[in-house]
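Colleague: So that we are looking at the same thing, I have put the structure below in structure tokens.
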Amino acid sequence: MEWSLKKGARSIKWWLRQSIGAVAGRIAVLLMHAIRRGNRVRVARRTGRLLRKIGPWLPEHRVARANLKAAFPGKPADEIERILGESWDNLGRVAAEFAFLDQLRIWRPDDPLPADIVFDEGDIRRFEAMRAALHPTALFAAHLANWELPALVAARTGVEAAVLYRPPSLRAVANAVLKIRKGCMGTLVPSGFDAPFRLSGALTRGSNVGMLIDQHDFRGIDVLFFGRKCKVSPLLAQLARNTGCNIRGIRIVRLADGNRFRGEITEPLDLPLDAENRVDVLRTMQTATSIVEGWVREYPEQWLWQHRRWR
């Protein structure tokens with residue numbers, strides 16, 4: 001009898017979680033559709049201001065402040081608070097901009113209309129070189145400015161790529177997110193046990209791949225980031241080791257008006273080799289992580305400090 005009651009209670013809890021999740025997911029989808037009816041610039045500005053006000057009351061604010069103080073021990077308190085405020089503003093803008101991903105305009109020489117994402121001549125040449133290269137490329141990015149845009153940029157500039165992403169936990173939201181991403185981001189590969197095989201297969205077929213590398217991975221390897229140890233997934237380097245692909249970094253910088261962006265791509269990395277003359281996974285991940293650190297140091301207010309990167 002007691003076992004039956006416990007089983008019944010678990011079933012009720014599971015049903016409640018599923019029901020609440022379905023309702024929350026449906027509400028989120030409706031909000032996303034409502035946002036798409038508005039003006040992107042105005043909506044992003046308002047959500048940025050809103051998160052500036054709400055963010056300091058959330059537990060993630062303490063995480064972000066601790067991360068910033070550890071990363072920049074010499075910065076005065078008022079500078080730390082300024083970066084925190086702008087980081088929340090950036091996060092609010094990202095949330096709003098997601099609904100407009102498929103509407104963003106990327107600079108093209110034959111398009112007279114103003115662009116939302118621009119490049120300089122050097123980055124255009126690097127994109128062209130990547131497209132013409134004999135070997136495909138594994139692109140890495142970070143949670144900077146709007147981290148959805150590197151995949152968008154690659155697809156819109158004619159770079160065929162399979163992009164690793166983490167689906168939202170709510171199914172209705174995940175489906176809505178996938179629908180927006182699918183139309184403008186190439187092949188999407190959800191994170192999971194088969195993701196490395198799917199990405200490796202894409203590279204073997206000559207396609208490029210892309211992924212974010214600045215998240216904690218409890219199964220990862222230790223690298224130094226701002227002088228402190230943290231875990232990073234070795235997947236990027238393992239793909240290069242196993243397939244012979246190139247590795248490049250790609251980042252997006254939010255411009256001063258807050259509404260436009262600049263895309264940048266690195267030259268292929270000079271990958272360190274081990275004693276067997278194969279790509280050294282640990283040193284390669286440290287190289288890529290150090291590049292991300294340089295990006296964050298340049299624009300600290302555009303990085304996701306609210307994430308528990310060091311654990």
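Colleague: List the helices (runs of 4 or more DSSP H) that sit entirely inside region 128-210 and contain at least 3 residues that are farther than 19 Å from R248 by Cα and at pLDDT below 90.
Modeller: Helices (runs of 4 or more DSSP H) meeting the threshold: 171-182.
Colleague: Residue by residue through region 105-137, note down the ones that are within 22 Å of E148 (Cα to Cα), open to solvent by less than 50 Å² (accessible area, probe 1.4 Å) and charged (D, E, K, R).
Modeller: D116, D123
Colleague: Please name all residue pairs, on different chains or six or more residues apart, with Cβ atoms under 8 Å, provided the first residue is in region 55-80 and is over 11 Å from W305 (Cβ atoms) and the second residue is in a helix (DSSP H, G or I) and among the aromatic types (F, W, Y).
Modeller: These pairs meet every condition: P56/W88.
Colleague: Please specify each residue of region 245-272 satisfying the condition of being in contact (Cβ under 8 Å) with a residue 24 or more places away in the chain and acidic (D, E).
Modeller: Scanning region 245-272 gives E264, E267.
Colleague: From E97, E86, E79, grab the single residue that is closer than 29 Å to L152 by Cα, at pLDDT 95 or above and of a type in the set (D, E).
Modeller: E86 is the lone residue from the list that is closer than 29 Å to L152 by Cα, at pLDDT 95 or above and of a type in the set (D, E).
Colleague: I'm checking my understanding of the structure. Among residues of region 276-296 that are over 21 Å from the mean Cα position of the chain (by Cα) and of a type in the set (V, I, T), which one is nearest to T137 (Cα to Cα)?
Modeller: Among them, the one singled out is V279.
Colleague: Does A275 satisfy being out of contact with any helix residue (DSSP H, G or I) (no Cβ under 6 Å at 6 or more places or on another chain), without any contact (Cβ under 8 Å) to a residue 12 or more places away in the chain, hydrophobic (A, V, I, L, M, F, W, C) and farther than 30 Å from A66 by Cβ?
Modeller: So A275 passes the test.
Colleague: Go through region 78-95 and give me each residue that's open to solvent by 40 Å² or more (accessible area, probe 1.4 Å), in contact with a helix residue (DSSP H, G or I) (Cβ under 9 Å, 6 or more places away or on another chain) and either over 18 Å from Q302 (Cβ atoms) or small (G, A, S) (or both).
Modeller: Across region 78-95, the qualifying residue is only A95.
Colleague: Take A64 and tell me if it is assigned to a helix (DSSP H, G or I), farther than 24 Å from L255 by Cα and either of a type in the set (A, V, I, L, M) or open to solvent by less than 80 Å² (accessible area, probe 1.4 Å) (or both).
Modeller: No: the conditions fail for A64.
Colleague: Another question, then. Kindly indicate which of E293, E264 is under 19 Å from V163 (Cβ atoms) and either in contact with a strand residue (DSSP E or B) (Cβ under 7 Å, 6 or more places away or on another chain) or not aliphatic (A, V, I, L, M) (or both).
Modeller: Step by step, each of E293, E264 is checked, and only E264 is under 19 Å from V163 (Cβ atoms) and either in contact with a strand residue (DSSP E or B) (Cβ under 7 Å, 6 or more places away or on another chain) or not aliphatic (A, V, I, L, M) (or both).
The values are calculated or read from the model by the stated rules, or taken from the named source; none is laboratory data. Everything numeric in this text was worked out from a predicted model, so none of it was measured. Reconstructed Cβ throughout: ideal geometry from the backbone, glycine too, with neighbour counts over all protein chains shown. In case anyone asks, the SASA skips ligands and DNA or RNA and just uses the protein heavy atoms, side chains included. Shrake-Rupley method; radii C 1.70, N 1.55, O 1.52, S 1.80 Å.
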